[in-house]
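Trainee: Take this structure, written in structure tokens, and hold onto it; I'll ask about it next.
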Amino acid sequence: MLINVLDHGSTSQKINAAKKMFRKAKARHSIGDSSGYQLLKAEEKEKAITFDSSLPLKNTAKELNISPQQVMQANAIHQPDIVIGLDWPIRKLDNGIQKQLEFYKKLKFNIPWAFESFAWKNALVPHAQYFQPLQSYTLDHVDIFLNEIRGVHFDGVSMPVRTLKPLELALFLVSFYKRGITRVHLLGTSSLPVIVMCAYAAWNLFEWVSLDSTTWRYAADKMSFLNPLDLSRIDLRTSVHVPPTALNLCPCPFCNGQSFQAIQAITPRRDKLQMLREHNWLAIANLVNDLYANGYTIPNLEKELRFRCRNQRQVDSLINTLSVVDALKDCDISLLQTVLASNPKGRQRSRLVGRQTCFA
Ligand SMILES: [Zn+2]
């Protein structure tokens, strides 16, 4: 279970609601996130933002206040197993120069906050693992940041994946592996490609891989039903015609044998939303568990994906990327970068290229 400082630790009411949630969920693992995401949203909404530990934590329509000290004070209340330091996320931008400016602008905050978060974590939640957030557009940015925060002894890293393509994500993961990082938390999206990468990484690169996102909730808010096989979306707004030949084969307790037409017609809207949120959450959780359970080798993962996915070209591409990664993960990262960028078409060919270049 993942909580965050502003939503679950900023007022006594929110703290009590989170305590109740912990009691009910009985989660095996818990993570305390720092609310960097809320900070990013506040920036986009042009709220007045302060980082003053002498003022109360705050996130209203017009203001946000947070600091590394307060992040760890909130974590001290709930005592999660893993805590994440405060960071200011980089925004999704297209232009290379803008990305550089954004990275360096946020770096000025993210460097001191890494030291402060780590120090306050050691003082207030000493038994928790400390995960360091990384805000980087490129591998060079990772180098720059990690070089600046030497002395922060993190147990793992957390990184947003919402702006990354599967190829780029693969490169980042291998780069972490080569740096000796053993625990990784990814956030921002629960798409099939990200889950496939996570399943591979959990078996082959790291001791710990965790993933969080609001995909299940946002999809439900748009009245989308996630297909439990491959997470493709089925639009169940009442205005949309769903052909009677489309069958809902989901065995989950929330679907409970209902047809798409029946789900489409659920009233009131609140009940339909709740049903879709519950189904979507379970669809993602089951896919993660199934791919991890059956994905201990790339051929096994491929077999599972071939059975599940309607989009077989996406499977070709994912398996291709993983085969290259698997062949080159212990070689120089620039080689992996070159081979992935050349985007070889066939899996067999990419394996060959990988082995020849790496071991010849
Ligand atoms: Zn279901």
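Trainee: Search segment 277-297 for residues that are assigned by TED's automatic domain parsing to the domain that holds residue 227 and pair each with any residue that is more than 15 Å from the ligand (Cβ to nearest atom) and assigned to a loop (DSSP other than H, G, I, E, B) when their beta-carbon atoms are under 7 Å apart and the residues are at least 6 apart or on different chains.
Mentor: 284/190
Trainee: I need a count of the residues in segment 144-178 that are charged (D, E, K, R) and in contact with a strand residue (DSSP E or B) (Cβ under 9 Å, 6 or more places away or on another chain).
Mentor: 2
Trainee: Now, a different point. Step by step: first the residues of segment 13-33, then only those that are of a type in the set (Gly, Ala, Ser) and modelled with pLDDT under 95, then the one that is surrounded by the fewest Cβ atoms within 10 Å (Cβ to Cβ). Which residue is that?
Mentor: Filtering first and then ranking leaves 25.
Trainee: Next question. Being of a type in the set (Val, Ile, Thr) and away from the ligand (no atom under 16 Å from the Cβ) is the filter; apply it to segment 284-309 and report the residue that is surrounded by the most Cβ atoms within 10 Å (Cβ to Cβ).
Mentor: Here the residue is 298.
Trainee: Being of a type in the set (Val, Ile, Thr) and under 19 Å from residue 313 (Cβ atoms) is the filter here, so list the residues in segment 160-205 that pass it.
Mentor: Scanning segment 160-205 gives 194, 195, 196.
Trainee: Exactly one of these conditions fails for residue 93: (1) assigned to a loop (DSSP other than H, G, I, E, B); (2) closer than 14 Å to residue 5 by Cβ; (3) among the aliphatic types (A, V, I, L, M). Give me its number.
Mentor: Failed condition: (2).
Trainee: What pairs can you find where one residue is in segment 242-268 and on the phi > 0 side of the Ramachandran plot, the other is more than 10 Å from the ligand (Cβ to nearest atom), and their Cβ atoms are less than 9 Å apart, with a gap of 6+ or different chains?
Mentor: Going by the 9 Å Cβ cut-off, there are no qualifying pairs.
Trainee: Residue 330 passes all but one of (1) modelled with pLDDT of 90 or more; (2) in a helix (DSSP H, G or I); (3) more than 16 Å from the ligand (Cβ to nearest atom); (4) surrounded by fewer than 17 Cβ atoms within 10 Å (Cβ to Cβ); which number fails?
Mentor: The number of the failed condition is (2).
Trainee: Yes or no: residue 82 touching a Phe, Trp or Tyr at 6+ places or on another chain (Cβ under 9 Å) and at pLDDT 95 or above?
Mentor: yes
Trainee: Of all residues being touching a strand residue (DSSP E or B) at 6+ places or on another chain (Cβ under 7 Å) and hydrophobic (A, V, I, L, M, F, W, C) in segment 264-283, which is farthest from the ligand (Cβ to nearest atom)? Just the residue, please.
Mentor: 276
Trainee: Mind listing whichever residues of segment 21-41 are free of Cβ contacts under 8 Å to residues at least 40 places away in the same chain and in a loop (DSSP other than H, G, I, E, B)?
Mentor: If the condition is that a residue be free of Cβ contacts under 8 Å to residues at least 40 places away in the same chain and in a loop (DSSP other than H, G, I, E, B), then 26, 27, 28 are the ones that fit.
Trainee: While we're looking at this one, here's another question. Residues that are of a type outside the set (Ser, Thr, Tyr) and over 20 Å from the mean Cα position of the chain (by Cα): does segment 81-93 have at least one?
Mentor: Scanning segment 81-93, I find no residue that is of a type outside the set (Ser, Thr, Tyr) and over 20 Å from the mean Cα position of the chain (by Cα), so the answer is no.
Trainee: Same structure, new question: Suppose the filter is within 9 Å of the ligand (Cβ to nearest atom), touching a strand residue (DSSP E or B) at 6+ places or on another chain (Cβ under 9 Å) and part of a loop (DSSP other than H, G, I, E, B); does residue 248 pass it?
Mentor: Against the criterion (within 9 Å of the ligand (Cβ to nearest atom), touching a strand residue (DSSP E or B) at 6+ places or on another chain (Cβ under 9 Å) and part of a loop (DSSP other than H, G, I, E, B)), residue 248 qualifies.
Trainee: Which members of segment 190-237 meet the condition of being hydroxyl-bearing (Ser, Thr, Tyr) and either in contact with a Ser or Thr (Cβ under 8 Å, 6 or more places away or on another chain) or within 16 Å of the ligand (Cβ to nearest atom) (or both)?
Mentor: 190, 191, 213, 215, 224, 232
Trainee: Just need a number here: residues in segment 42-64 that are touching a residue at least 24 places away in the same chain (Cβ under 8 Å) and either not hydrophobic (A, V, I, L, M, F, W, C) or not assigned by TED's automatic domain parsing to the domain that holds residue 102 (or both).
Mentor: Final tally of qualifying residues: 5.
The values are calculated or read from the model by the stated rules, or taken from the named source; none is laboratory data. Keep in mind that this is a model prediction, so the values were computed, not measured. Neighbour counts are summed over all protein chains in view; Cβ atoms, including those assigned to glycine, are modelled from backbone coordinates with ideal geometry.
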